[in-house]
Amino acid sequence: YIFGVMCGDGCLIKSMARLEIAKDEEFIREFVNCFEKVYGLKYKYFYYKPKNTFVAQISSMIIAEDLIKFSSFKTKTWTVPKIIMDSKDEKIIGAFLRGFYDSEGSASRCAITASSINKKGLKEVAILLEKLGIKTTFKPQQNGNYYTLSIFRKQRFSIFIASWNGDIIYG
């Protein structure tokens, strides 16, 4: 879940992992809880009134260095960590996808979509979805400035949601 969020909305620098999100306190609470479960330390988030956002700052060089071992998590160059790409465990893949779609996803009556300026990273997400039996459509948007990954058809929705059920594996 942490890796998925970091690929989506997370920010990682040498001494800190950070997430700033508008209006979704439940999402930021889940992100902080995952860090507690993985690293054993309790972290807090706060409301930042000038921007009307919630912010979580995990100020730890040790944790930042641990995360960087798996991917850079930079907006234009993030990649799905190899440990996730190589996994055959649907719970691990589902936890990553849940974090990524909590960050970058949206749903309508006819589609579940995720958008990114990172073409390579989004194609890796499509590969993970394919491992779960979920077919996707990948399209460039606005003259190739960003890309959209879409899931259509009701039966694919149920597979997607089912991948989130069960025990979520943190890490």
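The values are calculated or read from the model by the stated rules, or taken from the named source; none is laboratory data. Computed from a prediction, not measured in an experiment: that's the story for all the values here. Counting neighbours? That spans all protein chains shown, and the Cβs are built from the backbone with ideal geometry, glycine included. Ligands, DNA and RNA are stripped out before the accessible areas are found, and what is left, the full protein with its side chains, is counted by its heavy atoms. Shrake-Rupley method; radii C 1.70, N 1.55, O 1.52, S 1.80 Å.
Between 0 and 90 degrees, rounded to the nearest ten: what's the tilt of helix 90-104 against the longest Cα principal axis of the chain?
On a 0 to 90 degree scale, this one is about 80.
Given an 8 Å cut-off on Cα distances and at least 6 residues of separation, report the relative contact order of the stretch 1-94 as a percent. Mind dumping the intermediate values first?
Values: 133 pairs, mean separation 29.6, N = 94.
Relative contact order comes out at 31 percent.
Could you check which residue among Arg109, Arg153, Arg98 shows the biggest mean-square fluctuation in a GNM of the chain with a 10 Å Cα cutoff?
Evaluated over the chain, the most mobile residue of the options is Arg109.
With a 1.4 Å probe and every protein chain kept in, tell me what percent of the accessible surface of the chain is carbon plus sulfur.
Values: 5000 of 9520 Å².
Carbon and sulfur: 53 percent of the exposed surface of the chain.
Show me, for the stretch 47-53, the HN-Hα J-couplings you get by feeding each phi into the Karplus relation (A = 6.51, B = -1.76, C = 1.60, θ = phi - 60°), rounded to Hz, glycine and proline as x.
8, 10, 4, x, 10, 6, 10
Between Ile83, Ile151, Ile117, find the one with the highest GNM mean-square fluctuation for the chain; connect C-alpha pairs within less than 10 Å.
Among Ile83, Ile151, Ile117, the largest mean-square fluctuation in the Gaussian network model of the chain belongs to Ile83.
How large is the helix-only mean residue ellipticity at 222 nm for the chain, computed as the sum of -39500 (n - 2.57) over DSSP H runs with n ≥ 4, divided by its residue count, in deg cm²/dmol to the nearest 500?
On the way: 7 runs with 71 residues, N = 171.
The per-residue figure over the chain is -12000 deg cm²/dmol.
Check which residues have an amide H placed less than 5 Å from Ser72's amide H, if you skip close sequence neighbours.
Sorted by chain and number, the residues that satisfy this are Thr79.
Work out from phi, with θ = phi - 60° and the Karplus expression 6.51 cos²θ - 1.76 cosθ + 1.60, the ³J(HN,Hα) of each residue of the stretch 8-14, listed in order in whole Hz, and give x for Gly and Pro.
Result, rounded to whole Hz: x, 9, x, 10, 10, 10, 3.
Looking at the square roots a ≥ b ≥ c of the eigenvalues of the Cα gyration tensor of the stretch 1-158, which shape do they give, rounded for a/c under 1.5, prolate if a/b is larger than b/c, or oblate? All intermediate terms of the calculation are to be shown ahead of the outcome.
Values: a/c = 1.65, a/b = 1.44, b/c = 1.15.
Prolate shape, in that a/c is at least 1.5 and a/b is the bigger ratio.
Angle, helix 119-131 long axis vs. longest principal axis of the chain, Cα atoms, 0 to 90°, nearest 10?
Helix 119-131 sits at roughly 70 degrees to that axis.
Which angle from 0 to 90°, rounded to the nearest 10, does the C-alpha axis of helix 25-39 make with the longest principal axis of the chain?
For helix 25-39, the angle is close to 70 degrees.
Using Cα-Cα distances under 8 Å and only pairs 6 or more residues apart, what relative contact order does the chain have, in percent?
Working: 306 pairs, mean separation 42.5, N = 171.
Relative contact order, the chain: 25 percent.
Roughly what would the spin-label model give for Arg109 and Thr77, points 7 Å off Cα along C-beta, in nm?
Calculated label separation equals 4.4 nm.
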